[in-house]
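The values are calculated or read from the model by the stated rules, or taken from the named source; none is laboratory data. None of these values were measured; they are calculated from a predicted model. For neighbour counting, all protein chains shown are included, and Cβ atoms are generated from backbone atoms with ideal geometry for every residue, glycine included. These accessible areas exclude ligands, DNA and RNA; they are computed on the full protein's heavy atoms, side chains included. Shrake-Rupley method; radii C 1.70, N 1.55, O 1.52, S 1.80 Å.
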Amino acid sequence: MTQLDQAREHILRQYGDDIGQRRQELITPALVLDIDAAQRNIDHMASELKQLGRATIRPHYKTHKSPDLARRQVQAGAGGLSMATVWEAAVLADAGMDDLFVVNTVAHPAKLRMLAALARDHRILVAVDEAANAAAHSAAAVAAGSTLGIMVEVDTGMDRCGVDTARDCLALARQVTDLAGLRFEGITGYEGHCSLTPDSELRHERQREAMTFFTGVADLLESNGIPCKIRSAGGIATWKWTAAFPGLTEIQAGTYVVMDNFHGRMVPGFEHSLTIQATVISRQSGQVIVDAGNKSVADPADVTIAGHDHAVVRFDEEHGIFAAPGGSSLRVGDSVALVPGYSPSTVNWYDAYHVVRDGVVVDVWPITPRGPGHHGLAALAR
């Protein structure tokens with residue numbers, strides 16, 4: 001039995017009785033996924049990329065942490081999957097998926113062993129930004145009898161991980177090509193700093209600057225005899241510009257499947273398929289107060305109540321407080337749908353999706369793996 005099968009059985013034992021209920025009948029807070037809206041988002045992205053005719057998409061699993069959604073993305077033409085953690089890669093490999101890119105630098109010995117073990121039977125890629133770390137991956141791969149794909153991470157302005165200059169990238173790529181058990185695949189450079197720029201024109205300017213530098217790095221590698229087959233970048237806030245940028249081969253956008261208010265203001269055209277069902281618990285002091293606080297929904301300042309124009313006052317741990325100075329049609333006991341401010345962190349607080357179609361729960365899906373823990377997955381590498 002796979003890890004996913006075990007997770008699914010566990011979730012069905014907990015929430016299986018909810019299948020067939022209307023979303024308004026759910027015990028709250030509950031994470032709700034409108035599967036038809038999610039599928040339309042997947043299909044819309046696939047259609048847009050096909051029309052652009054340049055880059056493919058390697059969607060980021062961290063957004064939704066659902067093998068069920070990941071499989072739908074692959075079926076719609078995704079060229080592999082991106083993920084933030086080794087444990088996410090392990091779950092997806094166990095679920096039968098392949099071409100998995102851990103878009104992160106990895107250093108802990110247990111995680112190095114896990115990636116090397118996964119690479120025996122799967123195409124596994126991982127980011128590196130220094131020679132010593134590449135050598136550690138090499139040693140793990142040799143010990144496991146596997147070959148790891150290496151993507152050199154380039155800092156395009158995020159000021160996080162990644163080599164700082166094209167020359168540094170060239171030197172590291174040369175070192176990678178000389179290490180046993182490794183296969184140099186290309187470069188990765190997430191321009192996530194652009195998503196902090198709400199103004200579209202300025203965001204586009206910063207994206208162009210980042211990708212001009214990034215593709216210049218790839219050109220330097222190529223001119224020095226190192227093929228740079230994959231040039232991977234592009235979050236949701238810049239996806240269309242980056243997908244159309246000359247020289248880019250793939251984007252890593254992920255939030256488009258579920259969407260949230262933070263990204264939705266910058267990126268039109270995708271539906272809010274993800275909501276949190278909550279219950280009104282108080283109507284005191286000209287306010288609408290619900291039972292979903294900042295332990296239930298991320299980026300609370302950007303949370304909205306679907307169908308109601310009530311501004312956020314504040315979110316406490318178990319209370320979401322909205323202003324209603326002019327009154328509200330909502331009453332204590334009413335069930336409402338909250339649109340999250342930020343979806344990846346919201347998803348990470350739940351263990352299951354209540355999957356709905358036409359407002360009725362048709363299934364429950366596990367969210368796996370949640371959090372920073374390995375959930376027992378480390379044992380697979382021992």
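If we scan the stretch 200-211, do we find a residue that is out of contact with any strand residue (DSSP E or B) (no Cβ under 8 Å at 6 or more places or on another chain), of a type in the set (Ser, Thr, Tyr), more than 19 Å from ALA127 (Cα to Cα) and modelled with pLDDT under 95? Looking for residues that are out of contact with any strand residue (DSSP E or B) (no Cβ under 8 Å at 6 or more places or on another chain), of a type in the set (Ser, Thr, Tyr), more than 19 Å from ALA127 (Cα to Cα) and modelled with pLDDT under 95, one finds at least one in the stretch 200-211, hence yes. When ALA337, ALA323, ALA244, ALA306 are checked against the criterion of being over 24 Å from the mean Cα position of the chain (by Cα), modelled with pLDDT of 95 or more, of a type in the set (A, V, I, L, M) and open to solvent by 10 Å² or more (accessible area, probe 1.4 Å), ALA323 stands alone in meeting it.
Filtering the stretch 340-352 to residues that are open to solvent by less than 40 Å² (accessible area, probe 1.4 Å) and closer than 12 Å to GLY293 by Cα leaves PRO340, THR346. From the list LEU221, LEU202, exactly one residue is surrounded by fewer than 21 Cβ atoms within 10 Å (Cβ to Cβ) and either out of contact with any Ser or Thr (no Cβ under 6 Å at 6 or more places or on another chain) or hydrophobic (A, V, I, L, M, F, W, C) (or both). Which is it? LEU202 is the lone residue from the list that is surrounded by fewer than 21 Cβ atoms within 10 Å (Cβ to Cβ) and either out of contact with any Ser or Thr (no Cβ under 6 Å at 6 or more places or on another chain) or hydrophobic (A, V, I, L, M, F, W, C) (or both). Assess whether PRO369 counts as being in a loop (DSSP other than H, G, I, E, B), open to solvent by 10 Å² or more (accessible area, probe 1.4 Å), more than 20 Å from ARG23 (Cα to Cα) and of a type outside the set (Asp, Glu). No: the conditions fail for PRO369. Checking each residue in the stretch 28-71 for being surrounded by 18 or more Cβ atoms within 10 Å (Cβ to Cβ) and of a type in the set (Lys, Arg) picks out ARG58, LYS62, LYS65.
Could you list, in sequence order, all residues of the stretch 156-184 that are buried (at least 22 other Cβ atoms within 10 Å of the Cβ) and free of Cβ contacts under 8 Å to residues at least 40 places away in the same chain? Matches in the stretch 156-184: GLY162, VAL163. Scanning the stretch 1-46 for residues that are out of contact with any helix residue (DSSP H, G or I) (no Cβ under 9 Å at 6 or more places or on another chain), over 20 Å from ALA337 (Cα atoms) and among the aliphatic types (A, V, I, L, M) returns ILE11, LEU12.
Among the conditions (1) under 17 Å from THR165 (Cα atoms); (2) open to solvent by less than 40 Å² (accessible area, probe 1.4 Å), the only one that THR197 does not satisfy is (1). The residue pairs whose first member lies in the stretch 291-312 and is basic (Lys, Arg), whose second member is open to solvent by 40 Å² or more (accessible area, probe 1.4 Å), and whose beta carbons are closer than 6 Å, counting only pairs six or more residues apart or on different chains, are LYS295/GLU317.
Answer yes or no: is there a residue in the stretch 9-16 that is surrounded by 17 or more Cβ atoms within 10 Å (Cβ to Cβ) and touching a strand residue (DSSP E or B) at 6+ places or on another chain (Cβ under 6 Å). Yes; the residues of the stretch 9-16 include at least one that is surrounded by 17 or more Cβ atoms within 10 Å (Cβ to Cβ) and touching a strand residue (DSSP E or B) at 6+ places or on another chain (Cβ under 6 Å).
Restrict the check to the stretch 148-156 and report whether at least one residue is assigned to a strand (DSSP E or B), among the charged types (D, E, K, R) and under 26 Å from ALA90 (Cβ atoms). Yes; the residues of the stretch 148-156 include at least one that is assigned to a strand (DSSP E or B), among the charged types (D, E, K, R) and under 26 Å from ALA90 (Cβ atoms). The set of residues from the stretch 66-78 being within 19 Å of GLN3 (Cβ to Cβ) and either touching an Asp or Glu at 6+ places or on another chain (Cβ under 7 Å) or free of Cβ contacts under 8 Å to residues at least 24 places away in the same chain (or both) comprises just one member, VAL74. Taking the conditions (1) touching a strand residue (DSSP E or B) at 6+ places or on another chain (Cβ under 8 Å); (2) open to solvent by 40 Å² or more (accessible area, probe 1.4 Å) in turn, LEU274 satisfies each one other than (2). Inside the stretch 198-208, residues that are among the polar types (S, T, N, Q) and more than 13 Å from GLY157 (Cα to Cα) make up a count of 1.
For the stretch 218-250, residues that are aliphatic (A, V, I, L, M) and within 24 Å of ARG167 (Cα to Cα) total 7.
Cβ-Cβ contacts under 8 Å between residues 6 or more apart (or on different chains), taken from a first residue in the stretch 326-351 that is free of Cβ contacts under 8 Å to residues at least 12 places away in the same chain to a second residue that is open to solvent by 40 Å² or more (accessible area, probe 1.4 Å) and in a loop (DSSP other than H, G, I, E, B), are absent.
May I ask you to verify whether LEU12 is of a type outside the set (Gly, Ala, Ser), out of contact with any Gly (no Cβ under 6 Å at 6 or more places or on another chain) and at pLDDT below 95? Answer is no for this residue.
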